[in-house]
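No lab work stands behind these numbers, since they all come straight from the coordinates. All values derive from a computational prediction rather than experimental measurement. FYI the Cβ positions are ideal-geometry reconstructions off the backbone, even for glycines, and counts take in every protein chain you see.
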Amino acid sequence: MAVWMVLVFGAWIYVDLGYTEPFLSFSDVPGGSMGAFVGAMGVTVAGWVLISSVQQRREGVAWQEAGRRAGLRPADDSGSTSAPALTGTVNGRTITARYDKRKMGGAEGGTWVTFTSGEAELAGPADEGVVVGTAGGRVDAGIGTLDFDEMADTASAAEGLVAVERGDLILVGTSTEAVEAVSSGLSGDALRAIRDLSVVSIGDASGVVARWAEARNEEMEGRGSSLAEYPVDNLVERVPGDATTVTVETKSSIRDGEVLRRFAEGVVAIADAFEEATARPPSSG
């Protein structure tokens, strides 16, 4: 887009300085130099729309092709070349993959980042939950920032929460069994293999974040701290998925079918480990 703007306005300046005379001058354009400037702006906008449309179409086609190679299909069969959710069954579990672009770094000077997410369905709503992030990682969108370093340092203040650090990974959950299961074995391997991990929400992850934020606010209030309270609702909104899913969100653009398949298998491995660790024995009645 920047190149297109440079070309259009570079051409306008070139003509305005008279380098194209007598073949072309703004005296030949209705409105003169100002009319040509308005026209250049119109051409720029039209070009931006066209370039964006072509780029989105190419990305959508590449995304669907990666899904096909990974054994996933568009969730809707409209035949659109946009970027639909992809769904399928991986190792016996239903999974949905999505990607979207978000502006990071504030309204001014921010950059667009592509997020790819995978969501595996659990057998039902989970009573327990785990949140996973990375050291130095933050989930920041709107009011309220989910800071994993602070979660690791302060989760012990919240009743019923367990925090564990495994290398660069930070896991906060409702039980030692759930956290240990997710951080080890095939699940742990999958977490460590994820490129540019943003956040993983497992089961009732929103409940984990809410419990932590409320405990943190109470602790700050008890100390008479001037630090602002964390907006619990806003923090909970930072957590993707719900109690019936395991959602892995990564700040990377996956367009390779094999990579997407491994990513999906990793999400399933995390879901399997969590459910095995939190399965309740049947009631003896």
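Summary of computed values
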read-out	value
Packing-based exposure ordering (other Cβ within 10 Å, fewest first) of Thr87, Thr176, Thr278	Thr176, Thr87, Thr278
Net lengthening on full extension, Val113/Glu65 (0.36 nm per residue, minus Cα-Cα)	15.2 nm
Mean Cβ neighbour count within 10 Å, used as a protection proxy, ranking 190-197, 205-212 highest first	205-212, 190-197
Protection proxy ranking of 234-247, 147-160 - average other beta-carbon atoms within 10 Å, highest first	234-247, 147-160
Approximate shape of segment 85-278 as ellipsoid semi-axes (Cα gyration tensor, √5λ), whole Å, largest first	27, 21, 14
For segment 180-191, 3J(HN,Hα) per residue [Karplus equation, 6.51 cos²θ - 1.76 cosθ + 1.60, θ = phi - 60°, Hz, x = Gly/Pro]	5, 5, 5, 8, 10, x, 5, 5, x, 4, 5, 4
Karplus 3J(HN,Hα) series, Hz, for segment 149-163 with 6.51 cos²θ - 1.76 cosθ + 1.60 (x for Gly, Pro)	4, 5, 4, 5, 6, 10, 4, 5, 6, 8, 5, x, 10, 10, 10
